[in-house]
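The values are calculated or read from the model by the stated rules, or taken from the named source; none is laboratory data. The model shown is predicted, which means the values in this text are computed figures rather than measured ones. For neighbour counting, all protein chains shown are included, and Cβ atoms are generated from backbone atoms with ideal geometry for every residue, glycine included.
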Amino acid sequence: MRRPVIAGNWKMFKTRPETGAFFDALIPEILDVEHCDIVVAPPFISLAAAVEETDGTRVAISAQDVYWEPEGAFTGEISVRMLVDVGCTYSIIGHSERRQYFGETDESVARKANAAVKGGLNAIVCIGETLTERDGGQAFEVVRRQIRNGLGQLTGSDLSHIIVAYEPIWAIGTGRTATPEIAAAMHAEIRKTFAEIYNASAADALRILYGGSVKPDNISALMKKEDIDGALVGGASLDPASFAAIIKYL
Ligand code: PGA
């Protein structure tokens, strides 16, 4: 049995006071939740505040990106050790916005995922095809390549610290969710690819999240699919009431 995960990606939203207000509203709503892991990824500048606000709760805090070198002359970057020091237990890696706007590649994803896991973080690694790739019938091929090149170098035991987020780029922030059937078909393909690279039991244990316009009204249908183990939520994670409703999808 894979434990579900509901993760919120705040992207470039919320100051520290807004972070405090968010958790003040969210925490009382989710005190009784036991059926899933809960992760929130604020911007770097609010990580310390978020760790403090969620101390003693079941909410884990994630960064949205991390650099692979331990330290050095890398202006603007943040290392795994710095994230661990601030109390983060996760980092998102390879989000499609980083791939699209900031030059992230499968190769940098591989380095970051390896550094994260070796340094004691869990990594939520994002993969997913563009609309052109889907319309061109290449969605499976693109995602398989992203897995082989971005994640295929990890060891089997590293994999227990990896969560994969399938986020079709055409569904992010567009209001156009992949249907549960489209998402489930890709999730099955992703699991099959991991079984080929590693083995069936590692692939069975791997948690694969869906991301792209997840909302309170579509989460239940997605979660009913066997291979969908949770969600990475952007826009709808910014409002404590809607994020709480997604967490309580049951
Ligand atoms: P969205 O974003 O839920 O706003 O579509 C998802 C994501 O980019 O992680």
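Numbers at a glance
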read-out: Hey, A183 surrounded by fewer than 22 Cβ atoms within 10 Å (Cβ to Cβ) and part of a helix (DSSP H, G or I) or not; value: no
read-out: Count - residues of the stretch 87-126 that are over 17 Å from the mean Cα position of the chain (by Cα), farther than 21 Å from Q153 by Cα and crowded, with 17+ Cβ neighbours inside 10 Å; value: 0
read-out: Condition check for I163: touching a residue at least 40 places away in the same chain (Cβ under 8 Å), within 16 Å of the ligand (Cβ to nearest atom) and closer than 25 Å to I38 by Cβ; value: yes
read-out: Enumerated helices (runs of 4 or more DSSP H) restricted to the stretch 54-141, each holding at least 2 residues that are modelled with pLDDT under 95 and not β-branched (V, I, T); value: 131-135
read-out: Extreme residue, farthest from the chain's Cα centre (by Cα), among residues of the stretch 204-219 that are of a type in the set (A, V, I, L, M, F, W, C) and within 15 Å of the ligand (Cβ to nearest atom); value: I219
read-out: Yes/no for G235 being at positive phi and in contact (Cβ under 8 Å) with a residue 24 or more places away in the chain; value: no
read-out: Some residue of the stretch 32-44 being of a type in the set (G, A, S) and outside any strand (DSSP E or B); value: no
read-out: Count - residues of the stretch 60-97 that are of a type in the set (A, V, I, L, M) and within 24 Å of W170 (Cα to Cα); value: 3
read-out: Tally, over the stretch 100-140, of residues that are in contact with a strand residue (DSSP E or B) (Cβ under 8 Å, 6 or more places away or on another chain) and within 16 Å of the ligand (Cβ to nearest atom); value: 7
read-out: Candidates P42, P28, P4 - the one that is loosely packed, with under 15 Cβ neighbours inside 10 Å and either farther than 16 Å from S242 by Cβ or not aliphatic (A, V, I, L, M) (or both); value: P28
read-out: Some residue of the stretch 11-31 being in contact with an Asp or Glu (Cβ under 8 Å, 6 or more places away or on another chain), within 16 Å of the ligand (Cβ to nearest atom) and basic (K, R); value: yes
read-out: Residue ID - surrounded by the most Cβ atoms within 10 Å (Cβ to Cβ), chosen from residues in the stretch 207-242 that are closer than 15 Å to E167 by Cα and among the acidic types (D, E); value: D229
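Okay, residues lined up against (1) in a loop (DSSP other than H, G, I, E, B); (2) within 12 Å of the ligand (Cβ to nearest atom); (3) closer than 19 Å to G94 by Cβ; (4) not charged (D, E, K, R):
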position	(1), (2), (3), (4)
G173	yes, yes, yes, yes
A202	no, no, no, yes
A221	no, no, no, yes
L232	no, yes, yes, yes
A241	no, no, no, yes
